[in-house]
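To keep things clear, I will list the structure first and then write my remarks on it.
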């Protein structure tokens, strides 16, 4: 979680480089990491985008994850909506997808970010534009809120 009560600035206070390279790697399972949580607003937006009732959308595209969260199904090692290297529901994709890589658990420490993002995501390389810290904090908060709804 991003601590907004701390008096010291976060380690990423100067911002972090990121620009999506559309490689699709973040949509693929990595070991036991194969989760895209979808809160109620995400479910409703995706169901509407697909022209489905909420009940049909849930039955067809989601599964319960550990901790009781609802998540998108993964098939053959990737998100059910990954088509080649593209998201087939890009316009309606979940908040968790929109806010990658600025999830609270990835921002906990420089070491975690290096291991889980820098070593994995080509869009996080130093030559990409710097995302301002205010945007990073907003995205981390949005991720938390979307999962909790």
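Where a number appears in this text, it was derived from the coordinates with a stated rule and is not lab data. None of these values were measured; they are calculated from a predicted model. So basically every Cβ, Gly included, is an ideal-geometry build from the backbone, and we count neighbours across all protein chains shown.
Some points to look at:
- Dividing the summed helix terms, -39500 (n - 2.57) for each DSSP H run of n ≥ 4, by the number of residues in the chain produces a 222 nm estimate of -8000 deg cm²/dmol to the nearest 500.
- Three-way shape call for the stretch 42-99 based on the alpha-carbon gyration tensor, with the a/c threshold at 1.5: rounded
- In terms of other Cβ atoms within 10 Å, 61, 69 run from fewest to most in the order 69, 61.
- When the chain is treated as a GNM with alpha-carbon contacts under 10 Å, the residue of 124, 48, 78 showing the greatest mean-square fluctuation is 48.
- Cα long-axis angle, helix 40-50 against the chain (0 to 90 degrees, to the nearest 10): 60 degrees
- Within a Gaussian network of the chain (alpha carbon springs, distance under 10 Å), most fluctuating of 137, 14, 34: 14
- Over the chain, relative contact order from alpha-carbon pairs under 8 Å, at least 6 apart, %: 41 percent
- Sorted peptide list for 107-114, 141-148, criterion being average Cβ within 10 angstrom, highest first: 141-148, 107-114
- 0 to 90° range, to nearest 10: angle between helix 133-148 axis and the chain longest Cα axis: 30 degrees
- Efficiency of FRET between residue 69 and residue 134 - r from beta-carbon atoms, R0 25 angstrom, step 0.05: 0.35
- Cβ-to-Cβ counts within 10 Å put 38, 89 in ascending order as 89, 38, the fewest first.
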